[in-house]
1. Lys and Arg at +1, Asp and Glu at -1: add these up for the other residues within a Cβ distance under 15 Å of residue 138 and post the number.
2. If I take R0 = 35 Å and measure r between the Cβ atoms of residue 66 and residue 134 in this structure, what FRET efficiency does the formula 1/(1 + (r/R0)^6) give, to the nearest 0.05?
3. Simple spin-label model, 7 Å along Cα-to-Cβ: residue 93 to residue 142 in nm?
4. If we sort 85-91, 53-59 on the protection proxy, mean other Cβ atoms within 10 Å, highest first, what's the order?
5. Work from the charge dipole of segment 30-137 (Cβ charges, +1 for Lys and Arg, -1 for Asp and Glu, about the Cα centre) and give the residue of 90, 47, 108 farthest towards its positive end.
6. Starting from the Cα-Cα distance between residue 124 and residue 54, subtract it from 0.36 nm times their residue separation and give me the gain in nm to one decimal.
7. I want the local charge near residue 80. Using Cβ-Cβ distances under 10 Å, sum +1 for each Lys or Arg and -1 for each Asp or Glu among the other residues.
Amino acid sequence: MYRSLFPRDLFAEMDRLQREMQQAFDLSPSIRGLGRGGFPALNVGGTPQTVEIYAFAPGIDPATLEVQLDRGLLTIAGERKSLLPEDDSPSTVHIHERFAGSFRRVLTLPEDADSDAVDAKYRDGILHITIQRRASAQPRRIAIQ
């Protein structure tokens, strides 16, 4: 009944160009967390007692992960090996969306984070880092006399 003035391919092309521009200038985060320097994707939050960091890094050998805490900076580094065929293989890859290679993420921690009370666990592709807050920074109830 009604015809569109623009074919659907034009809108698809505009959408593709917009995504490429955002990736080129890193204007907005990607839903996959794969923006420039964005692997592994992170969730950072906390409770009054802890700072909680979740790094989503599937397919990585935990022995290759390196977590360092130095002067309030937390560094997560490692490498994910490529599962693509070797260059001399006769196979062809049509789509390659999975990140492979070395990565490094650096986070600034809050001042009340206790660098002596850090726990890191890797399970099911998720690195979970828990950092205790200093006892002096904990909320406490003051008794009124």
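The numbers here are math on the coordinates, done by the rules we state, and not lab data. Here the structure is a predicted model, which means the values were calculated and not measured. A quick note on method: Cβ atoms are made from the backbone with ideal geometry, for glycine too, and the neighbour counts reach across all protein chains shown.
1. It works out to a net charge of +1.
2. Computed FRET efficiency for residue 66 and residue 134: 0.90.
3. Calculated label separation equals 6.0 nm.
4. 53-59, 85-91
5. It is 47, whose Cα lies furthest towards the positive end.
6. Value of the extension gain: 24.0 nm.
7. 0
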